[in-house]
1. Of the conditions (1) within 30 Å of GLY3 (Cα to Cα); (2) modelled with pLDDT under 80, LEU41 satisfies every one except a single condition; which number is it?
2. Within the stretch 14-42, can you find the residues that are free of Cβ contacts under 8 Å to residues at least 12 places away in the same chain and under 47 Å from the mean Cα position of the chain (by Cα)?
3. Restricting the search to the stretch 2-39, which residues are in contact with a helix residue (DSSP H, G or I) (Cβ under 8 Å, 6 or more places away or on another chain) and of a type in the set (A, V, I, L, M, F, W, C)?
Amino acid sequence: MNGIEERIWNYIDGNCSAEERQAMDILIATDETYKRKFHELEKLNIDFSCMQLDEPSMGFGYKVMETIRTENATKPLKVTVDQRIIKGIAAFFILGISLCLIFAFATANWSAAGASSLDIKLPDLSGYFSGAVTKGFIVLDIVLALYLFDSYLRKKLNRPQAQ
């Protein structure tokens, strides 16, 4: 769209200031190009205002939403695992193993002559692993194992059989 058309559309739509409106009145009255373009665009604006907009049926929105819902239901959910989580877990285990090795090497008796007399003193952890904590850990492991076994069986049963 050229500058004349833009200015005239702003004039027709009322999107211009009072000074621009006065300047456009003068241009339309004196300049033949502006006058011809103004009448053309004014007629087009009247035609646009007389048109009736097509409206979709009342059930259109519902049908569209149902289609979207069924499309999303048929697609399997893709879980994206954040790489920072994986790296954090790996860093935790690497740090834990490194600390255990550093502790083992720091407390080792290096003055011993043979490898069989290597004496490593581990801290006493018997207070942390009481009977109730150990039993709770075992119960939790059993529940998780049953859950994983159940999900494996469900996937196996729901898989379409090849003929």
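1. With (1) within 30 Å of GLY3 (Cα to Cα); (2) modelled with pLDDT under 80 applied to LEU41, the lone miss is (2).
2. GLY14, ASN15, CYS16, SER17
3. The answer is ILE4, ILE8, TRP9, ILE12, CYS16, MET24, LEU27, ILE28, ALA29, PHE38.
The values are calculated or read from the model by the stated rules, or taken from the named source; none is laboratory data. These numbers come from a predicted model, not from an experiment. All Cβ positions, even for glycine, are placed from backbone atoms using ideal geometry, and neighbour counts span all protein chains on display.
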